[in-house]
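Worksheet for the structure shown next.
What follows is calculated from the coordinates using simple rules that are stated; it is not laboratory data. All values derive from a computational prediction rather than experimental measurement. So basically every Cβ, Gly included, is an ideal-geometry build from the backbone, and we count neighbours across all protein chains shown.
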Amino acid sequence: MKANLVKTGADQPAENPKAARSASRILNMQPRGFASIPDRSQHDDDPESGDPYKLQGLDRVVAILDLLGSSDSSLTLAEICQRMDLRKSTAHRALMALERTGLIERAPANRYRLGLKLYDMGSRAVEQIDLRSRVHPFLRKLALRVGETVHLGVLHKTRVVYIDKVEPINRRVCISSRTGTSNPVYSTSMGKAILAFLPAEDAAEIINHIHFVSFTSKTLNSREELMGALDRIRRRGYAIDDEEMEIGTRCVGAPIVDADQRAIAALSVSGSALRLAAHCVPGIAEHVVRCAQEVSAGLHAHLAKQRRNPGGIHA
C-alpha cells in the first residue's frame, strides 16, 4: 500500500461478479461494470424502453464517473466521447452538470477528474458499511497485539479501497493512509491477498484490466510477475507489500473469505520496513492470518443467523 511515514499527535475490469455477489451480502453494495452508456440523448427516459426504472441521463452520468474513476489520469472531453461513444454536445452537458455539483473537477488543459465531493460522500458511505463495524473490534485487537497500523480493505475493480484503519496506541510515527482512498491491487498486500483467493477466472478478468505502473523499483510491473506472486500467496496464506508502493513501508495482508472460501475483503498490518524487517514478517503474518480467519468465521456465523432469521424476529 502507498503510505508515507509522518509524525502526528493524533490520529480500478469489470467488478468480479462472483466475489461481488458474496461481498454484497455483507457490504450491501451493488456491483458495477465498465460498460459504457450509448448515446441516445434523444430517447432519454423513454417510457417505451421496457425498463420503468431506467433513467438514461442518470445512467450516463454514473458511467462517466465510473470512467473517470477507473482512469489513471484525467481525461479530455474528446477522450470521454471516444471511450463512451457519446456525441460531444451530450458529453459536455453531462460534464458541466457534474462539475457544478462538485462530483468532478476540471484539471489543467481542460481535462476532467473526480472531485473532492465524491471523497466526502465515499467517506460517509464507508462509515455505514456493516462489514466495517463488525470487523473493527478485531482490527483494534490486532493493532494492540502487533503494535503497528492495521487496515481493512475491499476490492473495487482493479483497486483496493481502505474502509477502516486502526493506529497503535502511543506510536508517534504513523501511516498517513486515509479511509475512503484506494491503491492498485497489484502493489498492495491486501489487493494481492484478495486476488490470490478469488476463483482463477475471476482473478484473470481483473488482471486483464490492470495498467501496470512502477511506484518503486520493487513494484510488480507485469502480469507474469503478479501471477507468480499470487501462486506464492496461495501457498503461504498471506501477501506482502515489500516496499512496492513506498520505499520504507512494508505491509502484510491476509484475505477475509466467505463460506465458499472466496475472498470478499482483506486486512493488513503496515509499518516501517525497519520495524517490519524481513525476519519479523512470518511472525506478523501469523497474527494477520489468524485475525482474518477469526473475522471470516464471525461473518459466516452472522450470515447463517441472518438466513435462519431473515426478518430479525427473535423467538
Counting sequence-distant residues (5 or more places) and residues on other chains, those with an amide H built under 5 Å from that of V257 are I264, S296
Once you put a point 7 Å from the Cα of F215 and another 7 Å from the Cα of H302, both along the Cβ direction, what distance in nm separates them?
2.7 nm
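Restricting attention to the range 63-111, which trypsin sites (Lys or Arg not before Pro) occupy a DSSP loop and are surrounded by at most 12 other Cβ atoms within 10 Å?
Counting only loop positions with at most 12 other Cβ atoms within 10 Å, the trypsin sites (Lys or Arg not before Pro) in the range 63-111 are R87.
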Just to check I understand the Karplus step: with θ = phi - 60° and J = 6.51 cos²θ - 1.76 cosθ + 1.60, what whole-Hz values come out for the range 58-73, glycine and proline as x?
5, 4, 5, 4, 4, 5, 5, 4, 4, 5, 5, x, 8, 7, 7, 8
³J(HN,Hα) across the range 146-154 via Karplus (A = 6.51, B = -1.76, C = 1.60, θ = phi - 60°), whole Hz, x for Gly/Pro?
9, x, 9, 6, 10, 10, 10, x, 10
Pairs beyond 20 Å (Cα-Cα), from K192/K218; K165/K192; K157/K192; K88/K157
K88/K157
Return D130, D164, D260 ranked ascending by Cβ neighbour count within 10 Å, so the fewest neighbours appear first.
D260, D130, D164
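Taking the beta-carbon count within 10 Å as an exposure proxy, list M121, M96, M190, M245 from fewest neighbours to most.
Values: M121 14, M96 11, M190 32, M245 24.
In increasing order of surrounding Cβ atoms, one gets M96, M121, M245, M190.
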For the range 180-185, Karplus-derived ³J(HN,Hα) couplings (6.51, -1.76, 1.60; θ = phi - 60°; whole Hz; x for glycine and proline) come out as x, 8, 9, 9, x, 5
